[in-house]
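Chemist: Next up is a structure, given as structure tokens.
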Amino acid sequence: MTWTVTRLNWRLPVIAAALCLLASVAAVAQQEGAADRETALQALVTWMPFILQGFVLNLVMSVLAMAIATVTGVILGFMQISPSAVIRLPAKLVTHVFRNSPWLVILFAIMFLVPFRVTLPGGETVMIPDWVKATVGFALPVMANVSEILRGAVMSIPSGQWESADSLAFSRGQTLRHVILPQCIRRMLPPWMNWYALLTLMTPMAAILGVNEALGNTQAAMEAAGSRPEFLIPFYLFLMTIFFVFIYPISLWTRRLERRYAASGA
Amino acid sequence: MTPSEGWTPDQPIVAIRDLHKSFGHVEVLKGIDIEVMKGEVICIIGPSGSGKSTLIRTINGLTPATTGSVTVEGQEVHDDNLDKLALRRKVGIVFQQYNLFPHRTVLQNVMMAPLLVLKENKREVEERARSLLAKVQLHDKEDAYPAELSGGQQQRVAIARSLCMRPDVMLFDEVTAALDPETVKEVLVTIKQLAADGMTCVLVTHEMGFAREVSDRVYFTDAGRIVESGPPAQLFEQPQDPRTREFLSKVL
Amino acid sequence: MLDLIAPFFERLYETTGLNFSPFYDSYDWGRLLEGMWVSVKLISAIIALSLVIGVLGAAAQTSKLRPLRWIVAAYIEIFRNTPPIVQLLFFYFGLGAITPQVDMGGWYEPMIGSFGWAVIAIGIFGGSYNVEIFRSGVEAVPHTTVEAAESLGFSNLKIFIYVTLPLAFRVCLPALTNNIISLAKTSSLAYVIAVPEITYSLSGIWSDNVNVPEMMVLLFVYYILLVAVIARAMTLLERKLALPGYGR
């Protein structure tokens, strides 16, 4: 009974999108459209480009945050497997703190505690826009999880690999570089992709702190169009659909990779 | 490889003196004395848990000794100032689980260490690797990945990989224990050839027939001590100690 | 209790400028405790709802009715591939706008308040992960064991309750622990619909007293301790349920 949704690759997003549209239409059909007021559907169509523009910022933030998180997370992960306790323990602490704190709290911390303007040693002042701070705020929890992914992948390599490399006189660094890590990359890819998807789904939180991304724009659009309660369902559904259309394929791809790697015994 | 100063081939190439090893409170080796001369083939037999694997791993430093001395070509293995690289070049080891690198081809597995660790010339290493693979009858599998080979084939690659470092001593830790019976023979044949070519070999093994055929001396260990040792004909035909007799009656 | 620690923190404020106002000011103390209590209630309710949904969903996926399996699968995909914060806003503002009003004797209040919607939205979100987790647990129960139960005359429902579920639960405990901890952290999203849980309370305190860093520290400490407690509880549960020889 291995029944999964993956077989309905393209159909489900289409079905979901159709459902959203149906719901919007249903919501719209409930209202009595006065001649001089536009229907919710019309308002949505008018504001769609604006909302999509905001979504671009979500994507930018997610890609940047993922890049930062990967680089720092890998470094942190190496620190966690270091034989030296001086390096290992602080790394473990940092990983633990950022893995076990809510994303929202970390975001708040960065937004409030990092100044909006920094004076460089040369004397110049650099403005740090809100979305940049939000990007760092999103990168931190993913960094901690990438660190754990790396540590987990290294731990899962059988000790026999370390022993035979050691017996062939490889140094620890050489062993990591030529034997252990190449085998780890495969194992790390699906969880890494999973975290990217999750990260992207968290980026709308930036709207709480004033960043003009998709959610912020959706709320602004609803206000600009008159703040009518019948807008809420279609607009939010549309927003969810945008994310769904982007994330679901990534999700499917990740699962396919997982299955392939599990089958080949990686 | 260059032996340490003062060592000459008339001295034992591997000398273990009063070796003790404890893991926490459990003492696994309780005073082992073994001497191996160059070119000799030594087999260590005994029941599980007698410390055989631990013993063989102290020779190349994988398992540090608690007290006692292990020297290879006169060089103390458990010396903090030891040049680990030099030791690992002298002593090769083959494990029960072969431990080939799954992400590299057979040829790459054999070539990796001399290239990266010894930084030797690539063409020389490749030539040597190919001839070693031919010696273990696997020259047609050069570009295969370990997962495509049988257990016996993988074990022979592991032997070739260790040999490519040109060691003076080869250690074998129960190398046929994880293999199907059909493939055990091909590995034993390889080891036999190696011994005939003059390599100093120390084997931990359950293959009594093989031990009798190939070794110069057999050591029987039980509960961390060497109970009895001697030439195979003597140990297997006329065991002196009752424990030896009991063990042999169970396995032969 | 406050009288004991208050002097220390007042002195701390005077000497170092570190303002932990909840520890010497009784109003802020009240806000802190209230926030923590609401947070614990919220998290418990969310976890409970998500577990119920998880079990029902996993059971539904074993059903022979194709449309039922379809609906559950669609539910999972939709809630796992859309932003939880948008889900929450959709439930509270979107669905909240069309829920009936209750006559409170003079004024009308919506039937489900912000706390309720937070539980519903985040519970449904967490439930979608739990369905997957329970499903893989159910699949891990050997088919032969189920057949044996069938041969002994157990009905399908009884098999599920007495054989499949206990075994499946043990298998999926680690993944379940992860999800529960993740839900505890996600509960902080309730802030955006003004549920007075701890993030909301402390944000009130720091906007009154301008002691953002100190309150941030409290917030971090609270969640890290909470996660540690949950993790510990789950480990104890795992140990208590462990069957000798089963698993590894």
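Chemist: Given A:L59, A:A144, A:I110, which one lies farthest toward the positive end of the charge dipole of segment A:49-264, if we put +1 on the Cβ of every Lys and Arg and -1 on the Cβ of every Asp and Glu?
Modeler: A:A144
Chemist: Using the Cα centre of segment C:37-195 as origin and beta-carbon charges of +1 (Lys, Arg) and -1 (Asp, Glu), tell me which of C:S44, C:P142, C:W117 is placed farthest towards the positive end of the dipole.
Modeler: Final value for the positive-end residue is C:P142.
Chemist: Summarise the partner chain shielding of A:224-235 as one whole number: the mean count of Cβ atoms from other chains within 10 Å of each residue's Cβ.
Modeler: Per-residue shielding by partner chains comes out at 3.
Chemist: In the P(r) worked out for segment C:148-248, what percent of Cα pairs fall beyond 19 Å?
Modeler: Considering segment C:148-248, 61 percent of its Cα-Cα pairs are separated by more than 19 Å.
Chemist: Moving to a separate point now. Might you work out the accessible area of A:R99 for me, using a 1.4 Å probe with all protein chains in place, and round it to the nearest 10 Å²?
Modeler: Approximately 80 Å² for this residue.
Chemist: Rounded to the nearest 10 Å², what accessible area does B:H139 show when all protein chains are kept and the probe is 1.4 Å?
Modeler: 100 Å²
Chemist: To continue, here is another question. Could you tell me which of the pairs C:K158/C:K185; A:K133/C:K185; B:K21/B:K119; B:K122/B:K185; C:K41/C:K185 are separated by over 25 angstrom between their Cα atoms in the structure shown?
Modeler: C:K158/C:K185; B:K21/B:K119; B:K122/B:K185
Chemist: Which lysines, if any, have their Cα less than 19 Å from the Cα of B:K192, not counting same-chain residues under 8 positions apart?
Modeler: Here the lysines satisfying the reach criterion relative to B:K192 are B:K38, B:K135.
Chemist: Something else about it: Please list, by residue number, every one of the chymotrypsin sites (Phe, Trp or Tyr not before Pro) in segment A:87-172 that is coil in DSSP and has at most 16 other beta-carbon atoms within 10 Å.
Modeler: Filter output for segment A:87-172: A:F116.
Chemist: So, counting K/R as plus one and D/E as minus one, what does the shell of residues with Cβ under 14 Å around B:M165 add up to?
Modeler: Surrounding charge for B:M165 is +4.
Chemist: Given Cβ point charges of +1 (Lys, Arg) and -1 (Asp, Glu) and nothing else, what value in debye, to the nearest 20, does the dipole of the protein assembly as shown about its Cα centre take?
Modeler: I would put it at about 1240 debye.
Chemist: Please get the size of the charge dipole for segment A:61-168, origin at its Cα centre, with Cβ charges of +1 on Lys and Arg and -1 on Asp and Glu, quoted in debye to the nearest 20.
Modeler: So the dipole magnitude of segment A:61-168 works out to roughly 240 debye.
Chemist: Let me ask you something else. How high is the FRET efficiency from B:V26 to C:T235, r the C-beta distance, R0 30 Å, rounded to 0.05?
Modeler: My answer for the efficiency is 0.60.
Chemist: Using Cα-Cα distances under 8 Å and only pairs 6 or more residues apart, what relative contact order does chain C have, in percent?
Modeler: The normalised contact order for chain C reaches 25 percent.
Chemist: Shifting gears a bit: Under the Kirkwood approximation for Rh and a Cα-based Rg, what ratio Rg/Rh is obtained for segment B:109-236?
Modeler: Dividing the radius of gyration by the Kirkwood radius yields 1.01.
Chemist: Still on this structure, I have one more. Counting only residues 5 or more places away or on other chains, whose amide H sits under 5 Å from the amide H of B:Q75 once H atoms are built in the peptide plane?
Modeler: Under 5 Å from the amide H of B:Q75 lie the amide H atoms of B:S4, each far enough along the sequence or on another chain.
Chemist: While we're looking at this one, here's another question. Once you list every other residue whose beta carbon is under 10 Å from the beta carbon of C:I205, what net charge do they have if Lys and Arg are +1 and Asp and Glu are -1?
Modeler: -3
Chemist: Residue by residue through A:167-178, how many Cβ atoms from other chains fall within 10 Å of the Cβ on average?
Modeler: Partner Cβ neighbours, averaged per residue: 6.
Chemist: Another question about this same structure. For segment B:179-252, count the residues as N, evaluate 2.2 N^0.38 Å, and divide the Cα radius of gyration by that value, please.
Modeler: 1.16
Chemist: Find which of A:F231, A:A220, A:C184 sits farthest along the positive direction of the dipole of segment A:129-236, computed with +1 on the beta-carbon of Lys and Arg, -1 on that of Asp and Glu, about the Cα centre.
Modeler: A:C184
Chemist: I need the fraction of alpha carbon pairs in the protein assembly as shown separated by more than 48 Å, rounded to a whole percent.
Modeler: 39 percent
Chemist: Return one quarter of the surface area of the convex hull spanned by the alpha-carbon atoms of segment A:145-184, equal to its mean projected area, in nm².
Modeler: Averaged projected area of segment A:145-184's Cα convex hull equals 2.5 nm².
Chemist: Which percent of the Cα-Cα distances in chain B go past 26 Å?
Modeler: 40 percent
Chemist: Semi-axes of segment C:37-195's equivalent ellipsoid from the Cα gyration tensor, sqrt of 5 times each eigenvalue, largest first, rounded to whole Å?
Modeler: 34, 17, 14
Chemist: Count, for each residue of A:188-201, the Cβ atoms from other chains sitting within 10 Å of its Cβ, then give me the mean as a whole number.
Modeler: 1
Chemist: Between beta-carbons, use under 15 Å as the cut-off and find the net charge around C:L12, counting Lys and Arg +1, Asp and Glu -1.
Modeler: After counting each charged neighbour, the total is -4.
Chemist: Please identify which residues in segment A:45-73 have an amide N closer than 18 Å to a label point set 7 Å out from the Cα of A:V118, following the Cα→Cβ vector.
Modeler: In segment A:45-73, the label zone of A:V118 (backbone N under 18 Å from the point 7 Å along Cα→Cβ) covers A:61, A:64-73.
Chemist: By how many degrees, 0 to 90 and rounded to 10, does the Cα axis of helix C:2-16 deviate from the longest principal axis of chain C?
Modeler: Compared with the principal axis, the helix lies near 60 degrees.
Chemist: Quick one: 3J(HN,Hα) in Hz for segment A:58-70, Karplus 6.51/-1.76/1.60 with θ = phi - 60°, rounded, Gly and Pro as x.
Modeler: For segment A:58-70, the Karplus-derived couplings read 4, 5, 4, 4, 5, 5, 4, 4, 5, 4, 4, 5, 5 Hz, x marking Gly and Pro.
Chemist: Using Cα springs under 10 Å in a Gaussian network model of chain B, which residue among B:E237, B:E27, B:E186 shows the largest mean-square fluctuation?
Modeler: The residue with the greatest mean-square fluctuation here is B:E237.
Chemist: Roughly what angle does helix B:242-251 make with the longest principal axis of chain B, taking Cα atoms, 0 to 90 degrees, to the nearest 10?
Modeler: Between helix and principal axis, roughly 40 degrees.
Chemist: Hey, any idea what Rg/Rh is for segment A:49-264, computing Rh the Kirkwood way over Cα pairs?
Modeler: Reported Rg/Rh, Kirkwood definition of Rh: 1.07.
Chemist: Hey, another quick one. Filter the trypsin sites (Lys or Arg not before Pro) in segment B:182-252 down to the DSSP loop ones having no more than 16 other Cβ atoms within 10 Å, then list what survives.
Modeler: Loop-located and lightly packed - none at all.
Chemist: Hey, which lysines would be in cross-link range of B:K250, C-alpha to C-alpha under 17 Å, not counting anything within fewer than 8 residues on its own chain?
Modeler: none
The values are calculated or read from the model by the stated rules, or taken from the named source; none is laboratory data. As the structure is a computational prediction, the values presented were derived from the model and not from experiment. When we count neighbours, we look across all protein chains shown, and the Cβ atoms used for this are built from the backbone with ideal geometry, even at glycine. SASA here: full protein model, heavy atoms, side chains in, ligands and nucleic acids out. Shrake-Rupley method; radii C 1.70, N 1.55, O 1.52, S 1.80 Å.
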